[in-house]
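Undergrad: Take this structure, written in structure tokens, and hold onto it; I'll ask about it next.
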Amino acid sequence: MIIVDTALKRREAEGNPIRVGMIGAGAMGRAIAYQITHCTPGMTVAAIANRSIENARKALTDAGIETFREVDSHEGMAAAMAEGVPAITTDPALICRAEGIDVVHEVTGSIDHAARVILDAIDHRKTIVTMNAEVQGTIGPVLKKRADAAGVLLTDSDGDQPGVMMNLYRFVEGLGVRPVVLGNMKGLHDPYRNPTTQQDFSRRTGLTPHMAASFADGTKMSFEMTLVANATGLKAGKRGLYGPDCKHVHEAVSHYPAEQMTDTGIVDYIVGAEPAPGVFCIGHETREMQTHWLQLYKLGNGPFYTFYTPYHLCHLEAPTTVARAALFNDATCAPDAGHVVDVIAMAKQDLSAGDTIDGIGWYMTYGVCENAETVKAEGLLPMGLAEGCRLKRDVPKDRPLTYDDVELPPERIADQLRAEQV
């Protein structure tokens with residue numbers, strides 16, 4: 001974002017960097033730590049918490065940081081903050097409660113664990129940036145309600161598709177054009193992909209097999225579209241969305257019902273279109289003064305106009321969200337419209353009574369979008385809560401799971417928050 005870079009350079013010149021406490025040190029967390037350290041003036045990684053202390057240590061050493069302190073108490077964290085030495089720990093509460101931390105950056109990819117971290121950060125009045133579509137797409141609206149009540153900013157991140165889509169949405173709105181479709185551009189969508197089918201891709205990219213499978217089977221994309229639906233109020237056009245094949249993004253508009261676009265607006269995706277891998281926004285404009293100029297500027301004849309961003313750069317863009325939140329109290333992607341769309345769990349194969357459901361991107365379930373009122377009315381099981389549930393009866397392939405089909409694991413904070421949200 002133009003203006004953010006200037007503000008960060010000012011913080012660097014003043015010797016007053018934004019101090020980031022990161023929760024999670026997987027591949028994305030390590031990449032963000034490097035990006036902040038080497039490419040982002042006016043910002044510093046002050047602490048990292050991870051369940052494996054070795055990964056926290058690796059995140060700093062990979063970023064070229066050799067001097068840091070391992071801490072296991074509030075006193076140890078406070079001493080590290082006072083000395084300006086980065087800290088590593090296995091206890092995220094030490095970061096959420098540290099006076100020296102400006103922004104808690106949650107990058108765990110978990111749901112129940114992430115929810116506990118976010119609640120702790122809210123209780124201690126920390127600005128919170130997540131890079132976690134799964135937790136935001138499952139219980140984001142209730143977490144935002146908690147954050148708002150505490151006067152705390154909670155946002156998901158730029159770089160991930162929801163943040164990039166929201167930047168584009170705000171750009172189109174700023175032109176005076178009404179956004180009626182927000183969309184994702186996918187190279188592949190096969191709901192039956194699993195860690196076995198994605199092993200080769202996993203080895204080439206360094207992603208875990210189940211993460212790679214969650215991209216291919218559409219679950220990750222469904223969470224991403226849920227985030228922007230809950231941010232804007234745009235709806236799911238149908239269960240699972242339309243997802244047409246397209247050669248170019250400009251073809252997308254011809255595949256969506258015009259009445260749905262102009263009535264509620266929709267979130268959706270396209271497959272195989274150039275210029276991938278990006279995001280798009282379809283705007284609606286009928287005023288003669290505006291349509292004249294949009295046609296002159298090569299946007300077409302209207303009344304629907306396609307805008308797109310041909311890339312999303314994940315961790316490279318994440319520090320921009322941290323800066324926007326810390327310096328301008330500006331959320332990149334937050335559920336301002338409330339609970340509009342959900343991701344529900346679908347059976348990836350025939351499931352049997354007594355089975356315990358595995359996780360996102362594994363063998364048993366895939367996620368699709370559905371409007372929240374339908375999810376509530378039909379008692380459908382959110383994909384973000386499916387892992388660890390025990391099946392009470394058989395569920396055939398491609399049928400949505402319901403709460404009546406399963407026994408929930410005990411004492412999950414995410415289930416309590418979900419009940420509050422619904």
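Undergrad: Using the alpha-carbon centroid of each, what span in Å lies between the stretch 62-85 and the stretch 25-45?
TA: 16 Å
Undergrad: Hey, what number do you get for the chain at 222 nm if only DSSP H runs of n ≥ 4 count, each worth -39500 (n - 2.57), divided across all residues, to the nearest 500?
TA: Helix contribution divided over all residues of the chain: -11500 deg cm²/dmol.
Undergrad: Would you work out the charge dipole size for the chain about its Cα centre, treating the Cβ of every Lys and Arg as +1 and the Cβ of every Asp and Glu as -1, and quote it to the nearest 20 debye?
TA: Details: 39 positive and 54 negative charges, 93 e Å.
Computed charge dipole of the chain: roughly 440 debye.
Undergrad: Per residue of the stretch 175-185, in order, report the coupling 6.51 cos²θ - 1.76 cosθ + 1.60 (Karplus, θ = phi - 60°) as ³J(HN,Hα) in whole Hz, putting x for Gly and Pro.
TA: 6, x, 8, 7, x, 10, 9, 10, x, 10, 10
Undergrad: Stokes-Einstein diffusion coefficient for the stretch 37-180 at 4 °C in a medium of 1.567 mPa s, Rh from the Kirkwood formula over Cα pairs: what value in µm²/s? Please list the in-between numbers first.
TA: Working: Rh = 16.4 Å.
For these conditions, the coefficient is 79 µm²/s.
Undergrad: May I pose another question? Keeping every protein chain present and rolling a 1.4 Å probe, give me the accessible area per residue for the stretch 134-293 in Å².
TA: 39 Å²
Undergrad: Using label points projected 7 Å from each Cα along Cα→Cβ, tell me how many nm separate A150 and T402, to one decimal.
TA: The two pseudo-label positions are separated by 3.6 nm.
Undergrad: What is the distance, in nm, between label points placed 7 Å from the Cα along the Cα-to-Cβ direction at E173 and at I53?
TA: Spacing of the two 7 Å Cα→Cβ label points: 4.6 nm.
Undergrad: List the residues of the stretch 338-366 whose backbone N lies under 17 Å from a point placed 7 Å from the Cα of T196 along the Cα-to-Cβ direction.
TA: Residues 348-352, 358-359, 361-366 qualify, since their backbone N sits under 17 Å from the label point.
Undergrad: Counting just the Cα atoms, what span does the stretch 292-422 cover along each of its three principal axes? Round to the nearest Å and put the largest first.
TA: 61, 39, 28
Undergrad: Using r as the Cβ-Cβ distance of Y363 and K238, and R0 as 22 Å, what FRET efficiency do you calculate, to the nearest 0.05?
TA: 0.25
Undergrad: Among G26, G384, G163, determine the one that fluctuates most according to a GNM of the chain built with springs between C-alpha atoms less than 10 Å apart.
TA: G26
Undergrad: List the GluC sites (Glu not before Pro) within the stretch 334-422 that DSSP assigns to loop and that have no more than 10 neighbouring Cβ atoms inside 10 Å. Don't jump to the answer; show the numbers that get you there.
TA: On the way: sites: E370, E373, E378, E387, E407, E411, E420; in loops: E387, E411.
Passing sites in the stretch 334-422 are E411.
Undergrad: From the phi of every residue in the stretch 350-366, what ³J(HN,Hα) in whole Hz does the Karplus formula 6.51 cos²θ - 1.76 cosθ + 1.60 yield, where θ is phi - 60° and glycine or proline is x?
TA: Values per residue, Gly and Pro as x: 5, 10, 10, 3, x, 5, 9, 6, 7, x, 5, x, 9, 9, 9, 9, 9 Hz.
Undergrad: Hey, if you put +1 on the Cβ of every Lys and Arg and -1 on every Asp and Glu Cβ in the chain, which of G183, V271, G300 ends up farthest toward the positive end of that dipole?
TA: Value computed over the given set: G300.
Undergrad: Now, a different point. Note the direction-averaged projected area, equal to a quarter of the hull surface, for the Cα convex hull of the stretch 211-270, in nm². The partial results should precede the final answer.
TA: Values: hull surface 17.8 nm².
Approximately 4.5 nm², given one-decimal rounding.
Undergrad: About the Cα centre, and with charges only on the beta carbon of Lys, Arg (+1) and Asp, Glu (-1), how big is the dipole of the stretch 65-165? Nearest 20 debye, please.
TA: The dipole of the stretch 65-165 has a size of about 420 debye.
Undergrad: While we're on this one: So how much slack lies between F328 and A13, counting 0.36 nm per residue of separation and subtracting their Cα-Cα distance, in nm? Could you put the intermediate results ahead of the total?
TA: Values: separation 315, 0.36 × 315 = 113.40 nm, distance 1.82 nm.
Here the segment from F328 to A13 would lengthen by 111.6 nm.
Undergrad: Take the chain, drop everything but the C-alpha atoms, weight them equally and run the Debye formula without solvent; then report log10 I(q)/I(0) at 0.07, 0.14 Å⁻¹ to two decimals.
TA: Listed by q, the Debye log ratios stand at -0.33, -1.29.
Undergrad: Express in % the proportion of alpha carbon pairs of the stretch 240-333 at distances exceeding 14 Å. Don't jump to the answer; show the numbers that get you there.
TA: Details: 3163 of 4371 pairs.
Pairs farther apart than 14 Å: 72 percent.
Undergrad: Counting only protein heavy atoms and using a 1.4 Å probe, what share of the accessible area of the chain belongs to carbon plus sulfur, as a whole percent?
TA: Numbers: 8720 of 17570 Å².
It is 50 percent, rounded to a whole number.
Undergrad: Which value results for Rg/Rh of the stretch 14-84 when Rg is the Cα radius of gyration and Rh the Kirkwood radius based on the inverse mean 1/r?
TA: Taking Rh as the inverse mean 1/r over Cα pairs, Rg/Rh reads 0.94.
Undergrad: Same structure again: Output the pairs from K144/K186; K186/K397; K58/K247 with a Cα-Cα distance over 31 Å in this structure; if there are none, say none.
TA: With Cα atoms farther than 31 Å apart: K58/K247.
Undergrad: Pop out the ³J(HN,Hα) list for the stretch 166-171 in order, Karplus 6.51 cos²θ - 1.76 cosθ + 1.60 with θ = phi - 60°, rounded to Hz; leave Gly and Pro as x.
TA: Calculated HN-Hα couplings, in order: 5, 4, 5, 4, 5, 4 Hz.
Undergrad: State the extension gain, in nm to one decimal, for the chain segment bounded by M289 and S254, taking 0.36 nm per residue of separation less the distance between their alpha-carbons.
TA: In short, 10.2 nm is gained.
Undergrad: Roll a 1.4 Å probe over the protein chains and send me the accessible area per residue for the stretch 15-115 in Å².
TA: 40 Å²
Undergrad: For each pair in K145/K235; K145/K376; K145/K392, compute the distance between the two Cα atoms and list the pairs where it is over 26 Å.
TA: Beyond 26 Å between Cα atoms: K145/K392.
Undergrad: At q = 0.13, 0.14, 0.19 Å⁻¹, what base-10 log of I(q)/I(0) does the Debye formula yield for the stretch 347-422 when every alpha carbon is treated as an equal point scatterer in vacuo?
TA: The Cα Debye sum returns log10 ratios of -0.35, -0.41, -0.77.
Undergrad: Between A82 and N301, what FRET efficiency follows from the Cβ-Cβ distance if R0 is 60 Å, with the result rounded to 0.05?
TA: It comes to 0.40.
Undergrad: Name the long-range amide H neighbours of A386: under 5 Å, sequence gap of 5 or more, or other chain; modelled H, no Pro or chain starts.
TA: none
Undergrad: Residue farthest toward the positive end of the dipole of the chain, with Cβ of Lys/Arg at +1 and Asp/Glu at -1: which of P335, G24, A252?
TA: With unit charges placed on the Cβ atoms, the residue in question is A252.
Undergrad: Write down the accessible area per residue of the stretch 374-414 in Å², having rolled a 1.4 Å probe over the full set of protein chains.
TA: That works out to 50 Å² for each residue.
The values are calculated or read from the model by the stated rules, or taken from the named source; none is laboratory data. Note that the structure is predicted; figures quoted are calculated from it, not measured. Backbone-built Cβ (ideal geometry, glycine too); neighbour counts: all protein chains shown. Please note that ligands, DNA and RNA were not included when accessible areas were found on the heavy atoms of the full protein model with its side chains. Shrake-Rupley method; radii C 1.70, N 1.55, O 1.52, S 1.80 Å.
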